[in-house]
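What follows is a set of notes on a single structure, which appears directly below.
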Amino acid sequence: MPTGSTGQIVGIVLASLLVIGAGAAMSVYFGRRAKTSQDWLAANESLPLVVVVITQFAAAAGGGVLIAHVGIGYSSGWSVFVYEGCVLVGFLLLMLIARWLRQQRFTTVPDVVTRLFGRHRLLTAIAAVAALVVPFGWIATQFVAFARLFGQLTGIPLPVLVAVITIASLAFVLPGGLTSVAWADFVFGIVKITMAIVVALYGIQLAGGWAHVTQAVPQRLWGVEGITAVGWKQIWLWAAAIVPGTLTNQLYYQRVFATKRINDARRGLGLSGLTMLISGVYAGCIGLAVRAMNPHLASQEDAAGWLLTQLPSWMLVVFAAFLVSTIVATSGAALQSVTANLTRDVYQNIAGKKASERRTVALSRVLTVAVSIVAAVLAVVFPQALPWLVATYAYSAAALAAPIFLGYLLHRRRLNPATAIASMVAGMVGCGAAQLADTTVPYAVYGIAASAVVMLLMTATTSGKRADAPSSTVDREIVREQ
């Protein structure tokens, strides 16, 4: 049953359609800049620094912030900043190779791996799968988050809501690929930052002001000690899972590839990481405010949904628009990322197909529709089973972290495709074994460790030349970058 009145439901629907329509119009407008397949797949190195920073934030701050992060704020107070801080650490570490990434004019993460180790179809295939599973998981989970939140408010059936968010995501991506997604996300990102602060302040006011919150909520949550209220064990688990996942997330790489100026690549990541702290402000304030008003929720992840039932009509409509802009920005970015993998890595590099610019863009659009349909069906059929997709973060990091970062550091040892393949397979096997053993430490850590050990051993015992270029070429490019 819907929790909103008829007037509220009408307002929510209209606000949602307005946001989706505005996003579609912006995508069409900015999509006219996409003249080539490179524009569609990688924005053709055209994004100014401010756009890169805001669109990184818009892509990263999705449904998880709206539900899971607010739940962290509800149960553990300012510990939510530790979670966001792990993302920031990942961005800061990614800055170490950001300038080199931008110089090489990559399109996808497998481009990075093959540039370091040489071209090989099996290598490209493994890297492509490892790179696309995370954004695909994001698509499906964003669809579910939208359907659940708006289903509670409006009573509209889940399949209908999934269809709506699917169409909205397609409207963001189809006009111009990453070019249209990035610019639309830039506008929506500004809206999200503004609304996050407004909603956070309003939530505190609704709870009776900060003074009342501090009286109703234990000091261990809202005081300085609230930073570690979640416990050091959980903090370690977050760091072990989130930092590697951030380091290998293709969505973040793509915006580095698309910077207008090479010098902006490193700065863009650092500033993007800092904007993620805004998510902590929003989630922490809302979580603490709800805790002050209702400390007995059955689940911490019910906090965001419960807050919706307490908002006046006008604020509920505004908040609905905020939810839509948040979710559709992330789902659109993830959808474009998966399509880039399928077009660039699977069709062009693995299958070895060549096509004209027009045909490549057309194929990308067809693949975008196909991927969105698969994700939508998954969201409808398995709305309760999607948590397993969280595992994609672990396996992606286990396969890609060592080849990318150790590969960058060990480039002078003349790395070859066999080294990367062995390292990625070892990472996934180690990850799977640790998952089956139900280890306390996140299984991604075991996978990354296994991948790194195998790479170091293979590098020490082999000295084969690159398949596609002598290592001296890589040397010159990295030295020039330094």
- Rounded tilt (10° steps) of 313-340 against the dominant C-alpha axis of the chain: 10
- Rolling a 1.4 angstrom probe over the protein heavy atoms, how many square angstrom per residue are accessible across segment 158-268? 39
- What whole-number value in Å² describes the accessible area per residue of segment 325-365 for a 1.4 Å probe? 36
- Message: Given points 7 Å out from each Cα along the Cα-Cβ axis, report the Leu49 to Ala216 separation in nanometres with one decimal.
- Response: 4.3
- Message: Please report the carbon-and-sulfur percent of the accessible area for segment 230-288; probe 1.4 Å, protein heavy atoms only, DNA, RNA and ligands left out.
- Response: 69
- Return the whole-Å distance between the Cα centroid of segment 39-101 and the Cα centroid of segment 310-335. 18
- Counting pairs of alpha carbon atoms under 8 Å apart in space and at least six apart in sequence, what relative contact order in percent does the chain give? 31
- Task: Just grab the label-to-label distance for Ala422 and Glu357, each label 7 Å out from Cα along the Cβ direction, in nm (one decimal).
- Result: 4.4
- Task: Starting from the Cα-Cα distance between Val89 and Val381, subtract it from 0.36 nm times their residue separation and give me the gain in nm to one decimal.
- Result: 101.5 nm
- Spacing of the two label points (7 Å from each Cα toward its C-beta) at Val369 and Leu409, in nm: 4.7
- the chain: calculated mean residue ellipticity at 222 nm from DSSP helix runs of at least 4, using -39500 (n - 2.57): -25000 deg cm²/dmol
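The values are calculated or read from the model by the stated rules, or taken from the named source; none is laboratory data. Note that the structure is predicted; figures quoted are calculated from it, not measured. Neighbour counts are summed over all protein chains in view; Cβ atoms, including those assigned to glycine, are modelled from backbone coordinates with ideal geometry. Quick note on the areas: whole protein, heavy atoms, side chains included, nothing else; ligands and nucleic acids left out. Shrake-Rupley method; radii C 1.70, N 1.55, O 1.52, S 1.80 Å.
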